[in-house]
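Reading through the structure tokens given below for one structure.
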Amino acid sequence: MEKFMKTLMVALLVGGVLILQGCMDDKAQTMVQQVVAIEKSDQCHLCGMTISKFPGPKGQLYSRGISGNMKFCSTRDMFAFILDTENQHNIQQSFVHDMAVTPWGHPEEDTYIDAKLAFYVVGHSKKGAMGPTLASFSKRQDAAAFATSEGGDVLSFEQIDLQVLASLTAM
């Protein structure tokens, strides 16, 4: 019985240490997964274009196996990366500009929102880095107002797929 108790105590101790370590790792990961300022020389992770030269919402994301964040010249390029089957399961956090509170011509750094919670307008008249892009908003009513004035349809993050992206290139 004494041997069983010692084994049980060691197992509980090791399990507790592993749980604490996992919690600390999650907390550390969460802390570093934030948007960072887009510098004048930063290039789009997907196409290589200089990000700051173009209007419209930008994207940033974190992916397992890649150190630091990845920056994108447009929400369209960010979604092209996210929807690639090789990348889908590795995305940890993604961010886009809230275009209801920042100018289209030069989105401000402090207006990023969680991309998964955002609403997107596709098929609108405004242009992004490489032409048509997805306009991102934190509130559905802001996205709907934008769609009324600029055209397009409001979609959630989950509704955006490769077919939606392909429809943008046809515009």
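The values are calculated or read from the model by the stated rules, or taken from the named source; none is laboratory data. All values derive from a computational prediction rather than experimental measurement. Glycine gets a Cβ as well: all are built from the backbone with ideal geometry, and neighbour counts include every protein chain shown. Ligands, DNA and RNA are stripped out before the accessible areas are found, and what is left, the full protein with its side chains, is counted by its heavy atoms. Shrake-Rupley method; radii C 1.70, N 1.55, O 1.52, S 1.80 Å.
Overview of results
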{"item": "Peptides ranked, highest mean first, by Cβ atoms within 10 Å: ranges 94-104, 72-82, 122-132", "result": "72-82, 94-104, 122-132"}
{"item": "Share of carbon and sulfur in the accessible heavy-atom surface of the range 88-171 [1.4 Å probe, %]", "result": "53 percent"}
{"item": "Kirkwood estimate for the range 40-110, i.e. one over the average of 1/r between Cα atoms, Å", "result": "12.4 Å"}
{"item": "Separation of the Ser156 and Leu83 label points, Cα + 7 Å toward Cβ, nm", "result": "1.8 nm"}
{"item": "For the range 98-142: accessible area per residue (Å², 1.4 Å)", "result": "45 Å²"}
